[in-house]
Amino acid sequence: MIIGKVVGYVVSTRKCDNLVGNKFLIVEPIASYKSEGRIVAVDKVGAGIGEMVLVAQGSSARVGCGSPTAPIDAAIVGIVDNEEGLE
């Protein structure tokens with residue numbers, strides 16, 4: 001799981017049937033994760049731009065979304081309430 005900041009969103013009008021109804025947000029991992037760059041994550045908790053979030057990746061993301069057969073690689077599964085000591 002990683003912590004990152006929501007920096008944007010993606011609009012996709014054509015997608016796999018089991019992705020219909022999902023919101024896609026762009027997340028930038030905090031610097032201490034030394035990640036390769038921004039990721040697109042399915043939002044399951046109602047996060048918004050500027051919020052710090054918890055992101056599950058891989059098979060955990062699919063399970064966390066309740067869609068074990070969907071092509072989901074990253075999912076926002078929590079909104080961070082306290083940012084002390086993150087960066």
Exercise. Mind checking the alpha-carbon convex hull of the stretch 38-84 and giving the volume per residue in Å³?
Worked result: 81
Seminar exercise, completed: If unit charges are put on Cβ atoms (+1 for Lys and Arg, -1 for Asp and Glu) and the dipole of the chain is taken about its Cα centre, the option from A41, L54, C16 lying farthest towards the positive end turns out to be C16
Problem set entry | Tally of Lys pairs whose C-alpha atoms are under 21 Å apart, taken over the chain, 8 or more apart or cross-chain | 6
Seminar exercise, completed: One finds the C-alpha centres of the stretch 1-33 and the stretch 57-83 to be spaced, in Å, by 10
Exercise. How long are the semi-axes of the ellipsoid equivalent to the chain, from square roots of 5 times the Cα gyration tensor eigenvalues, in whole Å, largest first?
Worked result: 22, 13, 12
Exercise. Probe 1.4 Å, all protein chains in place: accessible area of I49 in Å², nearest 10?
Worked result: 110
Problem set entry | Neighbour-limited loop hits for trypsin sites (Lys or Arg not before Pro), the stretch 1-42 (at most 13 other Cβ within 10 Å; DSSP other than H, G, I, E, B) | R14, K15, K34
Exercise. Can you give the charge dipole size of the chain about its Cα centre, rounded to the nearest 20 debye, using +1 on the beta carbon of Lys and Arg and -1 on the beta carbon of Asp and Glu?
Worked result: 420
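The values are calculated or read from the model by the stated rules, or taken from the named source; none is laboratory data. Owing to the predicted nature of the structure, the values given are computational and were not obtained by experimental measurement. Here Cβ is always computed from backbone atoms with ideal geometry, including for glycine, and neighbour counts include all displayed protein chains. Ligands, DNA and RNA are excluded from the accessible area calculation, which covers all protein heavy atoms including side chains. Shrake-Rupley method; radii C 1.70, N 1.55, O 1.52, S 1.80 Å.
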